[in-house]
1. Of 38, 144, 99, which is farthest towards the positive pole of the chain's charge dipole, taken about the Cα centre with +1 and -1 on the beta-carbons of Lys, Arg and Asp, Glu respectively?
2. I need the phi-derived Karplus couplings for the range 106-114: 6.51 cos²θ - 1.76 cosθ + 1.60, θ = phi - 60°, integer Hz, Gly and Pro marked x.
3. List every residue whose amide H lies under 5 Å from the amide H of residue 163, counting only residues 5 or more places away in sequence or on a different chain, with H placed 1.01 Å from N in the peptide plane.
4. Can you order the peptides 336-349, 107-120 by their average number of other Cβ atoms within 10 Å per residue, highest first?
5. How big is the charge dipole of the chain about its Cα centre, in debye rounded to the nearest 20, if each Lys and Arg gets +1 on its Cβ and each Asp and Glu gets -1 on its Cβ?
6. Just one of (1) 58, 22, 19; (2) 34, 26, 18; (3) 30, 26, 22 is semi-axes √(5λ) of the Cα gyration tensor in Å calculated from these coordinates, so which is it?
7. Does the range 1-107 classify as rounded, prolate or oblate by the C-alpha gyration tensor (a ≥ b ≥ c root eigenvalues; a/c under 1.5 gives rounded; else a/b over b/c gives prolate, otherwise oblate)?
8. When the dipole is taken about the Cα centre of the range 315-401, and only Lys, Arg (+1) and Asp, Glu (-1) are charged at their Cβ, what size is it in debye, to the nearest 20?
Amino acid sequence: MQVDEEELRKALNKPATYGRDLDLSQYSTRAVGEPEVVKEVIERSFEVGVDLRKRDSLTTFLQIDHRALYKSIQRRLEGDIELMPIEEAVKRYEWVRELLWRLRSPYEDKYTAFNALHGSGGYFLRILEDRKMHIPIQACFFMFSPGIIQSVHNIIVADPGSEAQILTGCTTHPKISRGLHVGVTEIYVRSGAKLNYTMIHKWNPGFDVRPRTGILVEDDAALLHNYIALGYVGSFQSYPTARLLGENSKIAMNNIVYLQGSSEMDLGGEVIMEGDGGRVELLTNAVAAEDARIISRGRIVCEGEDGRGHISCRGLMLSDSAEISAIPCLVSRKMSSELTHEAAIGRIAEDQLFYLMARGISREEAESLIVRGFLDLSPMKLPDHLEKGVRKIIDMALEGF
């Protein structure tokens, strides 16, 4: 897509529809020093599910600040997938250039405009037709320099009949107190393809995060879009938009959130079912501790025949200083559709605590067990080895709760 630079510069002053407005001039675009895969990078990346110790044996992409530092394709998968920095893909393939900014507008707000004007890095990933990937492809975006904007653009294409699992971890050096991450991701799931895309975030309290995701799902294709956020963030705002263009296409967006401190998060998702027989689930389980504030939004629009959709927003309050809001929205334009929603916000039930405490478990241990159970991974349909890894990440995040 060709972009209008003059219009982009105008959009640099356009706030997002939701979330705290940020002054982009308060961040730097200059990274400090030459990045390396050092011990702190490996350890912190492991906390968001990316094992850089196995980067030579697993299909891996690593970007630190503005630079794509590392990429590898598992030897036996060469010829089945393509993985490269987005700049390289745009130079190599004219059709990749045509995919850029088709699913999100660069003029949408100041963050997309900044990305279109000044973005640096991101990856292009293509799973070739009818190839089946049983080992996750891993990508990590790591912020190493203080106060910078890391602005990346990713393109994912699952060709017809292909299957893959993608794990993307986004995080920062533990000593860096401030920065902004802007990640534009456009996902194309072609006819009959199946894609499991899981994103795990772990930030420091002063970080702001603005993902922008667009999704297209074709005939008989399915996407599981999973998001996990644990711990702290300054402010977060994301509203992925998906179009179920084909017949019998499916999507599930699953969010698991545990926020502490004075973190602010406005997350959600919108799905438009254009083809007949579409199936949609938007599920959010959110835990707010201390002074955290969470807004959970979900919107399903049914324009095709025989569409089915469900929104579930569940919130667990661990403090009177915390706040959770649930905002589901359903729009039907066909009599044959069936759309439902449920929303519930509450505290840990005393009867559950008493039940566990009666079996010799302390109150603190009982509360921790209940929170872990609330952060249910089963809808994400992760492979066993990946689910075990994510459970370990949740356990690390909840240590000391």
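1. Highest projection toward the positive end goes to 38.
2. x, 9, 4, 7, 5, 6, 5, 5, 4
3. Correct list: 131, 132, 133, 194.
4. Ranking, from highest mean packing down: 107-120, 336-349.
5. The dipole magnitude comes to about 640 debye.
6. Checking each listed value against the structure points to (3).
7. Taking the square roots of the gyration eigenvalues as a ≥ b ≥ c, the range 1-107 is oblate.
8. That gives the range 315-401 a dipole magnitude of about 380 debye.
Every number here is computed from the coordinates shown, using simple stated rules; none is lab data. Predicted model only: the values in this text are computed from it and were never measured. Virtual Cβ from ideal backbone geometry, glycine too; neighbours counted across all protein chains shown.
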